[in-house]
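Every read-out reported here was derived from the displayed coordinates using simple, explicitly stated rules and does not represent laboratory data. Everything numeric in this text was worked out from a predicted model, so none of it was measured. Cβ placement follows ideal geometry from the backbone for every residue including glycine, while neighbour counts extend to all protein chains displayed.
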Amino acid sequence: MSRSYGRTEGAVDVKRTRGAGAPEQFVWRGRLYRVNHVLQQWDTSVTWWKDVATAPSGADLRTWRVEAAAGRCDTPGVYELSFDPVGGRWYLLRTYD
């Protein structure tokens, strides 16, 4: 099962990023999560329904599916984190059980 989050409730602070921009740590709901593994990464055009010629450049959302845990004793979970380059913000899009 999974749960989706909106921009308001899914806003996160990413503490560090790896060389390719992948998150290493993030804070969500006051807890620090450490990324154990990057499982997948993809880009999504925010204007995929428009013609390529009219779509703004550099506005793609970059998303990572990661395995992360909030401590050594915490069970790892799978999270989808997305970076919005226009707003310069990170968001938690989805969590998986």
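Structure summary
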{"quantity": "Packing-based exposure ordering (other Cβ within 10 Å, fewest first) of Ser45, Ser82", "calculated": "Ser45, Ser82"}
{"quantity": "3J(HN,Hα) from dihedral phi, segment 33-44, Karplus parametrisation 6.51/-1.76/1.60, rounded to Hz, x for glycine, proline", "calculated": "10, 9, 6, 8, 8, 8, 8, 6, 9, 8, 10, 10"}
{"quantity": "Virtual spin-label span in nm between Arg16 and Leu39, 7 Å along Cα→Cβ", "calculated": "2.3 nm"}
{"quantity": "Placed amide H near Leu93: partners under 5 Å, 5+ positions off or other chain", "calculated": "Glu80, Leu81, Ser82"}
{"quantity": "Other-chain or far-sequence residues with amide H under 5 Å of Leu39's (modelled H)", "calculated": "Arg65, Val66, Glu67"}
{"quantity": "Placed amide H near Ala22: partners under 5 Å, 5+ positions off or other chain", "calculated": "none"}
